[in-house]
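To start, the structure itself, in structure tokens.
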Amino acid sequence: MICPRECGADRSVTHGYCGAGEKANIARAALHMWEEPVISGKRGSGAVFFCGCNMGCIFCQNYKINHTMRGIEADEYELAAIMLKLQDDGAHNINLVTPAPHVRLLTKAIPIARAKGLTIPIVYNTNSYEKVSSLKLLDGLIDVYLPDLKYVSAKLSKLYSNAEDYFSVASNAIKEMYRQCGNIELGSDATAKKGIIIRHMVLPGAVDDTRRVLDHISAEYPKNIYISIMSQYAPTSDALPKPINRSITKGEYSRALDYVILKGFENVFIQKRSSADLAYTPDFNDNVIFKPIERDK
């Protein structure tokens with residue numbers, strides 16, 4: 001019951017809708033340079049890629065792990081050890097990618113990691129299809145929220161992600177994230193120490209919905225909120241339906257950015273259209289290295 005699907009799975013004996021069990025499957029844990037500059041910094045973000053996802057995006061760029069269970073299986077102590085290893089590697093932060101199925105595990109793992117010497121910020125990198133009650137369990141544990149706001153249109157969210165209620169769920173979830181962490185606060189190294197960055201990926205043929213997303217953010221949050229308008233959409237299969245069987249055009253991205261300017265946003269990350277390349281998708285080699293830590297008795 002941890003996410004809006006409320007599939008009711010007893011994970012001690014089976015998997016949830018998301019595919020996750022009682023422990024987390026982790027396909028990659030490594031320094032990652034391709035997030036927003038205030039997340040990746042100069043040394044990289046310590047990205048932990050979880051397997052499983054509570055959405056069903058037909059264009060998913062991490063489909064190799066979001067709809068399969070692979071990598072290592074980790075409990076709270078092993079996850080804490082992975083975080084500490086990434087800190088030792090020089091990561092600016094711990095970047096938890098697709099963490100929604102693992103909220104309860106995180107409420108155990110993060111305090112363990114902190115007690116064992118973790119000092120860098122925790123980034124919660126999410127599709128935003130989250131229950132407010134679950135996010136409240138993370139209050140005080142997460143430093144930076146990195147949520148998507150994918151759609152306003154129920155038609156698009158049902159067609160592309162099997163989540164007709166996405167906007168109502170995600171908008172309330174992001175409101176809770178903002179309540180917890182507020183706007184971005186930068187440290188002396190120009191990386192985010194606290195706050196929220198709302199992401200939106202422009203989809204082919206859906207600029208009108210991008211405008212509705214921007215209308216919502218503009219109405220609900222101050223103009224200096226940090227947003228990231230991404231052009232990186234790249235089709236993952238020739239079998240995808242039109243129009244998402246292609247990348248976005250220069251004109252589509254320009255129209256989206258023109259609207260950003262019109263709405264008066266002050267802190268905006270944009271991308272080169274060359275980012276629409278699956279070559280930027282990490283290599284999920286399942287090689288997750290860490291040094292075991294002492295377990296409490």
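Give the range 169-179 a look and list any residue that's of a type outside the set (Lys, Arg) and open to solvent by 20 Å² or more (accessible area, probe 1.4 Å), or say none. Write out each step before concluding.
Just the residues of the range 169-179 that are of a type outside the set (Lys, Arg), to begin with: 169-174, 176-178.
Answer for the range 169-179, where residues must be of a type outside the set (Lys, Arg) and open to solvent by 20 Å² or more (accessible area, probe 1.4 Å): Val169, Asn172, Tyr178.
So in the range 66-122, with the set limited to residues that are closer than 26 Å to Thr191 by Cβ and hydroxyl-bearing (Ser, Thr, Tyr), which one is surrounded by the fewest Cβ atoms within 10 Å (Cβ to Cβ)?
Among them, the one singled out is Thr119.
If only one of Tyr145, Tyr178, Tyr166, Tyr129 is more than 27 Å from Ile261 (Cα to Cα) and aromatic (Phe, Trp, Tyr), which one is it?
Among Tyr145, Tyr178, Tyr166, Tyr129, only Tyr129 is more than 27 Å from Ile261 (Cα to Cα) and aromatic (Phe, Trp, Tyr).
Could you check how many residues of the range 130-143 are touching a helix residue (DSSP H, G or I) at 6+ places or on another chain (Cβ under 6 Å) and open to solvent by less than 20 Å² (accessible area, probe 1.4 Å)?
3
If the requirement is being in a helix (DSSP H, G or I) and open to solvent by 20 Å² or more (accessible area, probe 1.4 Å), which of these qualifies: Lys194, Lys155, Lys150?
Values: Lys194 fails: in a helix (DSSP H, G or I); Lys150 fails: in a helix (DSSP H, G or I).
Every option except Lys155 fails the conditions.
Which members of the range 81-111 meet the condition of being part of a helix (DSSP H, G or I), of a type outside the set (D, E, K, R) and either closer than 22 Å to Arg5 by Cβ or in contact (Cβ under 8 Å) with a residue 40 or more places away in the chain (or both)?
Ala81, Ile82, Leu84, Leu86, Gln87, Ala100, Pro101, His102, Val103, Leu105, Leu106, Thr107 - these are the residues of the range 81-111 that are part of a helix (DSSP H, G or I), of a type outside the set (D, E, K, R) and either closer than 22 Å to Arg5 by Cβ or in contact (Cβ under 8 Å) with a residue 40 or more places away in the chain (or both).
Where the second residue is at pLDDT below 95 and in a loop (DSSP other than H, G, I, E, B) and the first is more than 12 Å from Cys53 (Cα to Cα) and of a type in the set (Asp, Glu) and lies in the range 13-36, which pairs have Cβ atoms under 7 Å and are six or more apart or on separate chains?
Glu22/Arg11; Glu22/Ser12
Among what's in the range 241-256 and is buried (at least 16 other Cβ atoms within 10 Å of the Cβ) and not polar (S, T, N, Q), pick the residue that is farthest from Leu203 (Cα to Cα).
Among residues in the range 241-256 that are buried (at least 16 other Cβ atoms within 10 Å of the Cβ) and not polar (S, T, N, Q), the one farthest from Leu203 (Cα to Cα) is Arg255.
Considering only the range 158-188, state which residues are under 21 Å from Glu36 (Cα atoms) and assigned to a loop (DSSP other than H, G, I, E, B).
Gly182, Asn183, Ile184, Gly187, Ser188
Which members of the range 42-82 meet the condition of being aliphatic (A, V, I, L, M) and modelled with pLDDT under 90? Please lay out each step first, then the result.
First pass over the range 42-82, keeping only residues aliphatic (A, V, I, L, M): 47-48, 55, 58, 65, 69, 72, 74, 79-82.
Residues satisfying the conditions are Ile65, Met69.
Just to be sure, is Tyr166 touching a helix residue (DSSP H, G or I) at 6+ places or on another chain (Cβ under 7 Å) and aromatic (Phe, Trp, Tyr)? Reasoning before the result, please.
Details: touching a helix residue (DSSP H, G or I) at 6+ places or on another chain (Cβ under 7 Å): yes; aromatic (Phe, Trp, Tyr): yes.
Yes: the conditions hold for Tyr166.
Mind checking which residues of the range 257-279 are loosely packed, with under 10 Cβ neighbours inside 10 Å and in a loop (DSSP other than H, G, I, E, B)?
Within the range 257-279, Gly264, Lys272 meet the criteria.
Of the residues Val152, Val97, which is closer than 25 Å to His216 by Cβ, among the β-branched types (Val, Ile, Thr) and under 11 Å from the mean Cα position of the chain (by Cα)?
Val97
With the requirement that a residue be part of a loop (DSSP other than H, G, I, E, B) and either in contact with a helix residue (DSSP H, G or I) (Cβ under 7 Å, 6 or more places away or on another chain) or buried (at least 19 other Cβ atoms within 10 Å of the Cβ) (or both), what does the range 205-218 give you?
Step one: list which residues in the range 205-218 are part of a loop (DSSP other than H, G, I, E, B), which gives 205-206.
Matches in the range 205-218: Ala206 only.
Looking only at residues in the range 30-51 that are part of a strand (DSSP E or B) and among the aromatic types (Phe, Trp, Tyr), which one is nearest to Asp75 (Cα to Cα)?
Going residue by residue through the range 30-51, those that are part of a strand (DSSP E or B) are 30-32, 45-50.
Narrowing the set further to residues that are among the aromatic types (Phe, Trp, Tyr) leaves 49-50.
Working: Phe49: 15, Phe50: 12 Å.
For the range 30-51, the residue satisfying everything is Phe50.
The values are calculated or read from the model by the stated rules, or taken from the named source; none is laboratory data. Fair warning: this is a prediction, and the values are worked out from it, not measured in the lab. As a convention, Cβ positions derive from the backbone with ideal geometry for all residues, glycine included, and neighbour counts pool all protein chains shown. Calculation scope for accessible area: heavy atoms of the full protein, side chains included, ligands and nucleic acids excluded. Shrake-Rupley method; radii C 1.70, N 1.55, O 1.52, S 1.80 Å.
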